[in-house]
Amino acid sequence: CGDIMTLWLSAHFLVAGLILCSSAPMPTPEECEPLLTPSSLDKVKMFGRWNVLVGFTGGELFSNILKITESSYVTFSNGSTGLVMSEENRMGGKCFSSVTNVTIDNNMATVSVVNVTSVFHVLPSSDDCLVLSINSTLGNLENLLKFLNVSGGPAAEGSTMRSLYLMGRESTVKDSDLQMFKNQASCLGIPVEPGFYYDPKTDFCTQGESIKLTN
C-alpha cells in the first residue's frame, strides 16, 4: 500500500467517468499507459502481510460490503502446492478469515473463496505498496450475505465485477502513493469515490478471534 478480498479482492469492478476529490488534473492517455501496465507477479515482493488501506468497487452489493468493512489484511506465503493467500477481515463487528491457493498464469493470478472467483494483476506502485486490479465472477452468495447482514442490488450468479485496492506494509499511506493510486483509478474510468479508507485507530482481527470461511 480482503472475501472478502475475494469479495473484496472482489469487491472487484468499474465503469467510465470519474468523480474523484482531487485537485490534480486527470492523467493523459500517455500518462495512463505506464500506470496500468501489469507488473510481474514478483513473489518476493508479494510475500508477507499487506494491510488494505484504500478500496474501490462497483455495484450496490459490494459497495454495501465496503461500507461495513472496518479493517482487512492479506498475507501471501509459500504453501505445499505453491502460493497461498490468507485473509483476516473485520466487517460489521465480526471477524472472519479465509485461506486459499493462488493459481498464477504469467502476470495474472486467480483465487476462489466463498463462491467468488477473482482474477487479479498487480499494477505499478512504490516498494511500500501493493496495488491489485481485480475482476471477480460471483457464485451463490446468499449464506455469506446473511452472515454479514448485508443487503444489496441484483448480483446474479455468473455476473462479474471489478475492484481496485491499495495495500501497504504499514497502516497509513503516503500522499504520493495515494495520488498515484487515484490516478490509476482515473485511468480505469472509475466513477466513484473510494468505498473504503482504513482508519488506523481500528484494530485488525487475529486468527484466534476469527471465524474461518470455506468454499
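The values are calculated or read from the model by the stated rules, or taken from the named source; none is laboratory data. Since the structure is predicted, the reported quantities are computational estimates derived from the model, not experimental observations. All Cβ positions, glycine included, derive from the backbone under ideal geometry; neighbour counts span all protein chains shown.
Would you please name the residue that is modelled with the highest pLDDT, looking only at residues in region 110-128 that are surrounded by 21 or more Cβ atoms within 10 Å (Cβ to Cβ) and part of a loop (DSSP other than H, G, I, E, B)?
The qualifying residue modelled with the highest pLDDT is S125.
Across region 2-37, what is the number of residues that are modelled with pLDDT of 60 or more, assigned to a loop (DSSP other than H, G, I, E, B) and surrounded by 16 or more Cβ atoms within 10 Å (Cβ to Cβ)?
1
Any idea which residue in region 38-67 is surrounded by the fewest Cβ atoms within 10 Å (Cβ to Cβ), counting only those that are in a strand (DSSP E or B) and of a type in the set (G, A, S)?
The first filter runs over region 38-67 and keeps only residues in a strand (DSSP E or B), leaving 48-57.
Now restrict to residues that are of a type in the set (G, A, S): 48, 55.
Details: G48: 12, G55: 28.
Among them, the one singled out is G48.
Is it fair to say S40 is among the polar types (S, T, N, Q) and either at pLDDT below 60 or touching a Pro at 6+ places or on another chain (Cβ under 7 Å) (or both)?
no
All but one of (1) assigned to a loop (DSSP other than H, G, I, E, B); (2) modelled with pLDDT of 95 or more; (3) of a type in the set (D, E, K, R) hold for E70; which doesn't?
Unmet for E70, out of (1) assigned to a loop (DSSP other than H, G, I, E, B); (2) modelled with pLDDT of 95 or more; (3) of a type in the set (D, E, K, R): (1).
Show the residue pairs meeting these rules: Cβ distance below 8 Å; 6+ apart or different chains; first residue within region 187-209 and under 22 Å from T75 (Cα atoms) and at pLDDT below 85; second residue β-branched (V, I, T) and part of a loop (DSSP other than H, G, I, E, B).
none
May I ask you to verify whether S112 is of a type outside the set (A, V, I, L, M, F, W, C) and closer than 18 Å to S163 by Cβ? Spell out the reasoning first.
On the way: of a type outside the set (A, V, I, L, M, F, W, C): yes; closer than 18 Å to S163 by Cβ: yes.
It is true that S112 is of a type outside the set (A, V, I, L, M, F, W, C) and closer than 18 Å to S163 by Cβ.
Can you find even one residue in region 119-141 that is at positive phi and either of a type in the set (S, T, N, Q) or under 15 Å from the mean Cα position of the chain (by Cα) (or both)?
Going residue by residue through region 119-141, those that are at positive phi are none.
No; the residues of region 119-141 include none that is at positive phi and either of a type in the set (S, T, N, Q) or under 15 Å from the mean Cα position of the chain (by Cα) (or both).
Do we have T103 as surrounded by fewer than 13 Cβ atoms within 10 Å (Cβ to Cβ), closer than 22 Å to T75 by Cβ and hydroxyl-bearing (S, T, Y) here?
It is false that T103 is surrounded by fewer than 13 Cβ atoms within 10 Å (Cβ to Cβ), closer than 22 Å to T75 by Cβ and hydroxyl-bearing (S, T, Y).
Condition check ((1) closer than 23 Å to E30 by Cα; (2) buried (at least 16 other Cβ atoms within 10 Å of the Cβ); (3) among the hydrophobic types (A, V, I, L, M, F, W, C)) across all residues:
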position: E157; (1), (2), (3): no, no, no
position: M161; (1), (2), (3): no, yes, yes
position: G168; (1), (2), (3): no, yes, no
position: S176; (1), (2), (3): yes, no, no
position: M180; (1), (2), (3): yes, yes, yes
position: C187; (1), (2), (3): yes, yes, yes
position: P194; (1), (2), (3): no, yes, no
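Restricting the search to region 196-215, which residues are surrounded by fewer than 16 Cβ atoms within 10 Å (Cβ to Cβ) and in a loop (DSSP other than H, G, I, E, B)?
Answer for region 196-215, where residues must be surrounded by fewer than 16 Cβ atoms within 10 Å (Cβ to Cβ) and in a loop (DSSP other than H, G, I, E, B): D199, P200, K201, T202, D203, T206, T214, N215.
Go through region 182-195 and report how many residues are outside any loop (DSSP other than H, G, I, E, B) and either over 14 Å from T57 (Cα atoms) or charged (D, E, K, R) (or both).
Here the count works out to 3.
Might you let me know whether region 151-162 holds any residue that is under 13 Å from the mean Cα position of the chain (by Cα) and modelled with pLDDT under 95?
Step one: list which residues in region 151-162 are under 13 Å from the mean Cα position of the chain (by Cα), which gives 161-162.
Narrowing further to those that are modelled with pLDDT under 95: 161-162.
Yes, region 151-162 contains a residue that is under 13 Å from the mean Cα position of the chain (by Cα) and modelled with pLDDT under 95.
Look at region 178-215 and say how many of its residues are out of contact with any Cys (no Cβ under 7 Å at 6 or more places or on another chain), of a type outside the set (F, W, Y) and closer than 22 Å to L36 by Cβ.
Summing the residues that are out of contact with any Cys (no Cβ under 7 Å at 6 or more places or on another chain), of a type outside the set (F, W, Y) and closer than 22 Å to L36 by Cβ in region 178-215 gives 15.
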